[in-house]
Amino acid sequence: MFKLSPIYAWIANTFALIAFLAPIKSDIELIENSGHAEIHALIYLFLYSAFRLTGFSSLKVLVGLILQGILVEIIQPYFGRGFSYGDMLGNSLGAFLGLALFYAKELLSNKSTGPSK
């Protein structure tokens, strides 16, 4: 299996954190809130892929992303965003959905390449 340097996974995670903490204009806030879990699931799918290539287990990545989502909500008020339990739940749900998408991607990838010899 291809092994990725952990630095690339941490760089990707840093960009995700910056995006999560950036203030959002009120005219697009409704879009962000309505698809909170789905948006996070797609971002987390990428982060699962990056961290798994560094050798982290799925459980460690899942727990880390859930804790990160909680921490982001706690510190968002210091960056001009509001705290929300609903967003915290959306972040956590996004982590689970991202993991499910990661495993679905792996399953489809293994089916298309056939059994390994």
Pair list, Cβ under 8 Å, 6 or more apart: the stretch 85-112 residue in contact (Cβ under 8 Å) with a residue 12 or more places away in the chain and under 17 Å from LEU17 (Cα atoms), other residue surrounded by 11 or more Cβ atoms within 10 Å (Cβ to Cβ) and among the acidic types (Asp, Glu): ASP87/GLU73; MET88/GLU73; ASN91/GLU73; GLY94/GLU38
Single residue of ALA104, ALA95 found to be within 12 Å of the chain's Cα centre (by Cα), part of a helix (DSSP H, G or I) and either at pLDDT below 80 or aliphatic (A, V, I, L, M) (or both): ALA95
Complete set of residues in the stretch 33-81 that are among the charged types (D, E, K, R) and part of a helix (DSSP H, G or I): GLU38, ARG52, LYS60, GLU73
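The values are calculated or read from the model by the stated rules, or taken from the named source; none is laboratory data. Owing to the predicted nature of the structure, the values given are computational and were not obtained by experimental measurement. Note that we place each Cβ from the backbone using ideal geometry, even for glycine, and neighbour counts take in every protein chain shown.
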